[in-house]
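Structure first, then comments.
The values are calculated or read from the model by the stated rules, or taken from the named source; none is laboratory data. Computed from a predicted model, the values in this text were never measured in an experiment. All Cβ positions, glycine included, derive from the backbone under ideal geometry; neighbour counts span all protein chains shown.
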Amino acid sequence: MQTTTCHWNKETGWLMPALPAGAPQLVLYFGATAQLDGDASPVRELAAKFPQAVVCGCSTAGEILGSRVYDDSVVAALVHFQSTRVRAVAESTANNADSKIVGRQAAAKLNAPDLRHVLILSDGLSVNGTALVAGFRETLPPGVAITGGLAGDGSRFQKTFVGLGGDVKRDQIVAIGFYGDAIVIGYGSRGGWEGFGPRRRITRSQGNTLFELDGQPALALYKRYLGERAAGLPATGLLFPLELTKDVNDSEGLVRTILAVDEAKQSLTFAGDMPEGWYARLMKATAEQLVDGAAAASNAATRSNQNSSLAILVSCVGRRLVLGQRIEEELEAVIRALPEKTQAVGFYSYGEACPAGTGDYSELHNQTMTITVIGERA
């Protein structure tokens, strides 16, 4: 397996180094919303150049190439497999309530006896990520994990795009299946956030929309905590995600990030489910905690895959806002833990999909650095 990375910007177009012999079977791209909107010429150029490849990708809140972060550009990984087969399917996500069905449909189309892993790229605004991942999980056979993430749109939260071939759309997911015994996949997902303040019970919610905490309107309560930062919602909500626990005394839980607010309903919409009866509290993090979390994710991903050729990095946009000028420190921490010569591409996202531990039980996360490393056995 060989991986080549390349970069596109408005001044230079595609900067593409010499490629190995033969055509790549997989081309993964991640680009700014403005460059994927309309005719999406950088992407169509890729699809036209590699007509036999699976060409897919999504919009971002920042593009990752190695240890650098870019904006208003497109990055891509061109992957030449020796023995692995890849195929991809696309499904519409226009109806948030159908997210689990969408996951089931895509998984059913990819299912085969030699399926080993699924990478998903999803619209970041019109989907319930928890339900989407659950649909995949319920349909795929045991041992097949799901990793990937939700597309971004900077800190604007207006529109996101996902593409397959030259067809780049809103309200869409793309799922890529990897097949055969040669493929080796590792993954890791870590946060670095810590909870603070009281845990409040979710007393009214529907799917990924939160209406009440302890019987109080959720948006009003959340604004009270944010103070003057509340004027910048939903973007400022990325600085203070919520930790979800099933029981009030649980030491660890899931993290959820705000995608939208509704002033009329006094509600908050999150990237994943907000189950009634669970408990929520605010979270915060320092730059040092986030960098340590990114390093831990990289160590977990490479523990079982020391021959990786490609690392796909999906980091939450909230981490980028907290790190600010120190953003590349988390990428440098990831790169240090990767095997030598591993090529890294990725994006800042609105949500991340990955098993939480060492098994294959995938979940929707927020505010994590999630890493998928891919290689082949010799």
>> So if I check each of LEU115, LEU78, which one is closer than 25 Å to GLY31 by Cβ and at pLDDT 95 or above?
In response: LEU78
>> For the condition of a type outside the set (Asp, Glu), within 30 Å of LEU119 (Cβ to Cβ) and outside the structural domain of ARG44 (by TED's automatic domain parsing), what is the one hit in THR257, THR160?
In response: THR257
>> Residue under question is GLN367, and the condition is that it be on the phi > 0 side of the Ramachandran plot and at pLDDT below 95; does it hold?
In response: yes
> Quick check: anything in the range 188-204 assigned to a strand (DSSP E or B), aromatic (Phe, Trp, Tyr) and at pLDDT below 95?
Replying inline: yes
>> Going through GLU330, GLU376, GLU363 one at a time, which residue ends up being acidic (Asp, Glu), in contact (Cβ under 8 Å) with a residue 12 or more places away in the chain and crowded, with 24+ Cβ neighbours inside 10 Å?
In response: GLU330
> Does ALA76 count as under 19 Å from the mean Cα position of the chain (by Cα) and assigned by TED's automatic domain parsing to the domain that holds VAL184?
Replying inline: yes
> Only one of ALA23, ALA34, ALA61, ALA18 is touching a helix residue (DSSP H, G or I) at 6+ places or on another chain (Cβ under 6 Å) and more than 17 Å from LEU164 (Cβ to Cβ); which?
Replying inline: ALA61
>> Restricting to the range 286-312, and then to whatever is touching a helix residue (DSSP H, G or I) at 6+ places or on another chain (Cβ under 6 Å) and of a type outside the set (S, T, N, Q), can you tell me which residue is nearest to PHE30 (Cα to Cα)?
In response: ALA294
>> So, SER41, is that one within 25 Å of GLN158 (Cβ to Cβ) and modelled with pLDDT of 95 or more or not?
In response: no
> So how many residues does the range 18-66 have that are assigned to a loop (DSSP other than H, G, I, E, B) and buried (at least 16 other Cβ atoms within 10 Å of the Cβ)?
Replying inline: 10
> Is it true that some residue in the range 322-342 is within 23 Å of GLN82 (Cα to Cα), at pLDDT 95 or above and either of a type in the set (A, V, I, L, M, F, W, C) or part of a helix (DSSP H, G or I) (or both)?
Replying inline: no
> Given the structure, is ALA106 crowded, with 20+ Cβ neighbours inside 10 Å, touching a Cys at 6+ places or on another chain (Cβ under 8 Å) and either part of a loop (DSSP other than H, G, I, E, B) or not basic (Lys, Arg) (or both)?
Replying inline: no
